[in-house]
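For reference, the structure is listed below as structure tokens.
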Amino acid sequence: MSTATSTVAAQRSRTHRIAVTAMLSAAATVLMFLEFPIPFLIPSFVELDFSELPALLAAFSLGPVSGVVVCLVKNVIKGLLFSGTGGVGEMCNFLLGICFIIPAGLIYRYKRTRSGALMGALAGAVIMAVCSIPVNYFISYPVYTKFLPMDVIISMYQEIIQSFNGLLSRAGAPFALPAVNGLLGCLIAFNAPFTLLKGLLDMGLCFLIYKPLSPLLHR
């Protein structure tokens, strides 16, 4: 292959990467604005969205750097246009997003198989769930307590525990969820599992749509 041909191929590849990353960033931004609360599972100010899905697609198809760019762009746009926390919520979302995307993308880079993608996404979801504890404890909730007292937040979690224990009791379960009296216990008992569930849902959706979108992502 001549030098000129190689240069043209490299330029086309670069253009394709930029175009796909931009497209997935736009999709992630839209999905981030479509978040919704699940008040029966966790406090209503903690909301669910699937904006990490395009970033996961980018990490698998183009590499972890593109996935990180998608996470960054969606949070910068939302932070500039609509942020109820002065950008703190978006910063935490970005930190947790890269905790999910980087491990998934790196593992898949070195094992480009379906099992590699599965291992990467699972590892990323677990790491994101674990990291959600310090991120929320030290960054998110100190901001939330400016709008909602800590005792009110904890009481919301305690009500959830009582509801779950009532369901377990009626189902005849031989165990019950432990009581929580502090923020750290609340984060371990609910936020971390919720974050893990969010990652698993993103992973499941990714596996459903990755193959149909593969020609567009890799063209």
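The values are calculated or read from the model by the stated rules, or taken from the named source; none is laboratory data. Small disclaimer: the values here were computed from a predicted structure and weren't measured. Neighbour counts run over all protein chains shown; Cβ positions are idealised from the backbone, glycine included. The area values use the complete protein model at the heavy-atom level, side chains included, leaving out ligands, DNA and RNA. Shrake-Rupley method; radii C 1.70, N 1.55, O 1.52, S 1.80 Å.
Taken over the stretch 80-176, the percentage of Cα pairs per 5 Å bin, counting from 0 up to the bin with the maximum distance, is 2, 12, 13, 13, 13, 14, 14, 11, 6, 1. Helix 150-170 and the longest principal axis of the Cα set of the chain meet at an angle near 80°.
Per the 1.4 Å probe, what fraction of the accessible area of the chain, in percent, lies on carbon and sulfur atoms? Let's see the in-between values first.
Numbers: 8230 of 11560 Å².
For the chain, the apolar C and S fraction of the accessible surface comes to 71 percent.
Structural descriptor for the stretch 60-123: relative contact order 37 percent, calculated from alpha carbon pairs under 8 angstrom and at least 6 residues apart.
Could you work out the helix-only [θ] at 222 nm for the chain, with each DSSP H run of four or more residues adding -39,500 (n - 2.57) and the total divided by the number of residues, to the nearest 500 deg cm²/dmol?
On the way: 9 runs with 161 residues, N = 219.
Roughly -25000 deg cm²/dmol at 222 nm, from the helical runs in the chain.
Rolling a 1.4 Å probe over the protein heavy atoms gives the chain an accessible area of 53 Å² per residue. With respect to the chain, whose longest principal axis is taken over its alpha-carbon atoms, helix 52-62 is tilted by about 30°. Averaging the sequence gap over all C-alpha pairs within less than 8 Å and six or more residues apart, then dividing by the number of residues, gives the chain a relative contact order of 21 percent.
Dividing the Cα radius of gyration of the chain by its Kirkwood radius returns 1.06 for Rg/Rh. Of the residues Ile160, Ala104, Ser140, the one whose Cα sits farthest toward the positive end of the charge dipole of the stretch 92-219, with +1 on the Cβ of Lys and Arg and -1 on the Cβ of Asp and Glu, is Ala104. For the chain, the longest principal axis of the alpha carbon atoms and the long axis of helix 114-135 meet at an angle near 50°.
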